[in-house]
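Comments concern the structure below.
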Amino acid sequence: MCIVFAGMVQSQSRPQVQIQLISNDQEGEFNLDKVAFSAWASWINPLLDSVFGKLKTKSDFMLLATLHTNQEPTLSLYSRPATAETEMEQILSGFKNGPSMKTRFVDYSFVYLIRINDGSGELSEKFYPEYKDPYDLKHEAFKRAALGEKVTLLRNWASMEVIPLLAEAERHVDEKFGGVKYVGNTLQAMTINGIPSNLYKLTDSTSDYWRGVMEMSPGNEIIPLSKVMGMVALGDFDMAKEYTELLRLFGSKKMLATYYTNELSWRLEEFNKELTTRMQRGVLQHDAGNYDGAIAVYTGILKEYPRSAWVNYELYFSTNLRNNAIRKDSVAGMAEWNKVKPVIYSCNPLYPVAARLTTGKEAYLFLRRSELGKLFKEKDNLAKDLLELGDIALDLGASGYAAEVYWLCFSRLKKEDLGHREMLPYYLYALEKLHVNDIRKNFPGDFDKEFARIDKERKKHMEQSPAYKAFKVKE
């Protein structure tokens with residue numbers, strides 16, 4: 001995927017040179033040492049004229065330059081029409097002994113397109129050897145990886161590449177953006193000490209994180225993305241996927257955060273394809289009545305990806321049916337569900353399944369889970385669906401996720417599209433559930449009164465539900 005960058009390199013010789021950027025341009029702002037890159041570019045640009053200016057045939061060349069974190073730049077050459085290998089080697093030999101140039105966080109690639117004597121004229125022909133975009137090669141390598149390898153690749157990508165770069169971007173903002181700086185410094189500490197297990201305490205339960213959320217301009221979702229990348233580094237892909245789908249609705253196209261949100265999206269999509277393929281083997285065993293076989297499949301998956309609500313649920317389901325066939329004891333089955341339920345919902349509090357319902361409140365929450373599948377079916381219902389998503393997350397106890405949704409509604413959407421509902425109290429209410437109670441001081445209003453109103457509203461919504469009314473034991 002190439003993006004046109006910087007127009008033409010001016011040349012007094014016949015070669016016409018254009019640069020196409022492969023890596024993200026926003027990434028380059030924090031990834032490249034500007035002084036070192038300027039020196040390297042000042043070295044290579046004149047060489048493009050002198051080396052390719054010697055050629056006489058009508059031809060096109062691509063010179064792929066990849067800058068690395070741990071070695072000097074590598075150059076690869078492609079031609080149209082095909083050029084003899086010895087001549088290609090001779091051309092490349094003209095680009096030796098350049099100044100040192102290494103990137104700070106991730107590899108960085110761009111292509112010089114060189115047209116000799118107005119080019120080959122055969123623009124539909126391929127370059128030789130066959131050119132493959134480094135971005136596409138990375139995608140293909142990830143796609144080929146097995147499930148456990150994908151887990152490792154995802155976690156390492158987030159912790160070793162994305163988090164350090166996001167930290168750099170956030171730490172160098174103006175001092176007045178104290179929340180953004182807090183998140184940047186927190187990420188910086190993660191690059192040194194590793195991803196902490198108390199990630200959510202450092203984000204959802206910390207007022208400075210929410211200050212950072214509020215300090216960003218619309219379309220720049222770098223602060224919630226920072227939390228999401230922490231989730232990925234920890235292996236919490238279930239909730240990372242939920243957040244990614246949410247952030248993609250609001251990210252501005254040219255923002256660094258949007259670029260990494262999209263990068264994460266395709267990785268998670270490929271990961272979930274592989275997970276589904278593996279899970280289908282267990283489901284087939286389960287449907288055939290071979291519960292031990294299904295259990296073996298699910299247990300094997302959990303060794304590679306333990307933070308899956310789906311796998312943990314299916315493991316419980318097969319184990320429960322196998323045990324019921326042996327012991328005929330429903331009480332023991334309930335105990336097993338009560339044991340695995342917090343594990344499943346810790347992986348994904350929005351997971352839309354519940355195995356056993358004994359109270360009206362449990363039935364209501366199960367109904368709320370099932371209602372998630374009805375959302376975001378039509379574009380015209382975006383605002384309405386976001387409101388419902390926030391309310392469901394709040395009902396399910398996913399207060400951090402609910403707060404993110406409510407803030408997006410409050411700060412990104414028009415009030416009339418939200419049915420003139422006042423969103424700020426809901427955002428602050430969700431923060432109150434997270435024990436973040438000082439953000440409200442920045443806004444005028446009687447929020448104790450608002451919170452009491454929301455409490456009554458949510459309780460009434462539950463008590464009027466047919467699912468809740470169907471049970472004698474309510475809570």
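The values are calculated or read from the model by the stated rules, or taken from the named source; none is laboratory data. None of the values given here were measured: they were computed from a predicted structure. A quick note on method: Cβ atoms are made from the backbone with ideal geometry, for glycine too, and the neighbour counts reach across all protein chains shown. Accessible surface is based on the protein model in full, side chains and every heavy atom, while ligands, DNA and RNA are left aside. Shrake-Rupley method; radii C 1.70, N 1.55, O 1.52, S 1.80 Å.
Out of curiosity, is LEU147 in contact (Cβ under 8 Å) with a residue 40 or more places away in the chain, open to solvent by less than 20 Å² (accessible area, probe 1.4 Å) and farther than 27 Å from TYR406 by Cβ? The answer is yes for LEU147.
Here's the yes/no breakdown for (1) more than 16 Å from ALA257 (Cα to Cα); (2) of a type in the set (S, T, N, Q); (3) open to solvent by less than 60 Å² (accessible area, probe 1.4 Å):
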site	(1), (2), (3)
TYR128	yes, no, no
LEU166	no, no, yes
LYS201	yes, no, no
ASP208	yes, no, yes
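Considering only the range 168-209, state which residues are aromatic (Phe, Trp, Tyr) and in a loop (DSSP other than H, G, I, E, B). Hit for the range 168-209 is PHE177, nothing else. When the test is whether a residue is open to solvent by 40 Å² or more (accessible area, probe 1.4 Å), out of contact with any Phe, Trp or Tyr (no Cβ under 6 Å at 6 or more places or on another chain), in a helix (DSSP H, G or I) and without any contact (Cβ under 8 Å) to a residue 24 or more places away in the chain, ALA296 passes it. Here the range 75-105 is the region considered, the condition is being crowded, with 19+ Cβ neighbours inside 10 Å and touching a residue at least 60 places away in the same chain (Cβ under 8 Å), and the residue that is farthest from GLY53 (Cα to Cα) is PHE105.
Go through the range 82-121 and count every residue that is assigned to a loop (DSSP other than H, G, I, E, B), hydrophobic (A, V, I, L, M, F, W, C) and more than 36 Å from the chain's Cα centre (by Cα). Quick ask: steps written out before the conclusion?
Just the residues of the range 82-121 that are assigned to a loop (DSSP other than H, G, I, E, B), to begin with: 82-84, 96-107, 117-121.
Now narrow it down to the ones that are hydrophobic (A, V, I, L, M, F, W, C): 82, 84, 101, 105-106.
From what's left, more than 36 Å from the chain's Cα centre (by Cα): 82, 84.
Final tally of qualifying residues: 2.
From LYS339, LYS384, grab the single residue that is more than 21 Å from LEU247 (Cα to Cα), in a helix (DSSP H, G or I) and open to solvent by 60 Å² or more (accessible area, probe 1.4 Å). Criteria check complete, one pass: LYS339. Restricting attention to the range 28-74 and to residues that are of a type in the set (Asp, Glu) and farther than 10 Å from PRO99 by Cβ, the residue that is surrounded by the most Cβ atoms within 10 Å (Cβ to Cβ) turns out to be ASP60. Checked against (1) assigned to a helix (DSSP H, G or I); (2) under 26 Å from the mean Cα position of the chain (by Cα), VAL436 passes all but a single condition, namely (1). Filtered by the rule that a residue be in a helix (DSSP H, G or I), in contact (Cβ under 8 Å) with a residue 60 or more places away in the chain and open to solvent by 10 Å² or more (accessible area, probe 1.4 Å), the range 214-232 gives a lone residue, MET214. TRP157 passes every criterion in (1) aromatic (Phe, Trp, Tyr); (2) in a loop (DSSP other than H, G, I, E, B); (3) under 14 Å from the mean Cα position of the chain (by Cα) apart from (2).
Residues are listed down the side, and each one gets a yes or a no for (1) closer than 21 Å to GLU404 by Cβ; (2) polar (S, T, N, Q); (3) buried (at least 19 other Cβ atoms within 10 Å of the Cβ):
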position: PRO425; (1), (2), (3): yes, no, yes
position: LEU428; (1), (2), (3): yes, no, yes
position: ASN437; (1), (2), (3): yes, yes, no
position: LYS441; (1), (2), (3): yes, no, no
position: ASP446; (1), (2), (3): no, no, no
position: LYS449; (1), (2), (3): no, no, no
position: ALA452; (1), (2), (3): no, no, no
position: MET462; (1), (2), (3): no, no, yes
position: TYR468; (1), (2), (3): no, no, yes
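Scanning the range 342-360 for residues that are part of a helix (DSSP H, G or I), out of contact with any Phe, Trp or Tyr (no Cβ under 7 Å at 6 or more places or on another chain) and open to solvent by 20 Å² or more (accessible area, probe 1.4 Å) gives PRO342, VAL343, SER346.
Across the range 244-274, the number of residues qualifying as open to solvent by less than 10 Å² (accessible area, probe 1.4 Å) and either at pLDDT below 95 or hydroxyl-bearing (Ser, Thr, Tyr) (or both) comes to 3. For the range 314-329, taking the residues that are farther than 23 Å from ARG278 by Cα and open to solvent by less than 70 Å² (accessible area, probe 1.4 Å), the one that is modelled with the highest pLDDT is identified as ASN323. For PRO73, the conditions (1) within 25 Å of SER23 (Cα to Cα); (2) out of contact with any Leu (no Cβ under 6 Å at 6 or more places or on another chain) are fulfilled apart from (2).
Of the residues in the range 52-59, at least one is assigned to a strand (DSSP E or B) and either at pLDDT below 95 or not charged (D, E, K, R) (or both).
Scanning the range 147-173 for residues that are in contact with a helix residue (DSSP H, G or I) (Cβ under 7 Å, 6 or more places away or on another chain) and under 23 Å from GLU304 (Cα atoms) returns LEU147, GLY148, LYS150, VAL151, LEU153, LEU154, ARG155, ALA158, SER159, VAL162, ILE163.
Table: residues versus (1) under 21 Å from LEU153 (Cα atoms); (2) outside any helix (DSSP H, G or I); (3) out of contact with any His (no Cβ under 8 Å at 6 or more places or on another chain).
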site	(1), (2), (3)
PHE250	no, yes, yes
THR261	yes, no, yes
GLU269	yes, no, yes
ASN272	yes, no, yes
ILE301	yes, no, yes
ARG307	yes, yes, yes
TYR316	no, no, yes
ASN323	no, no, yes
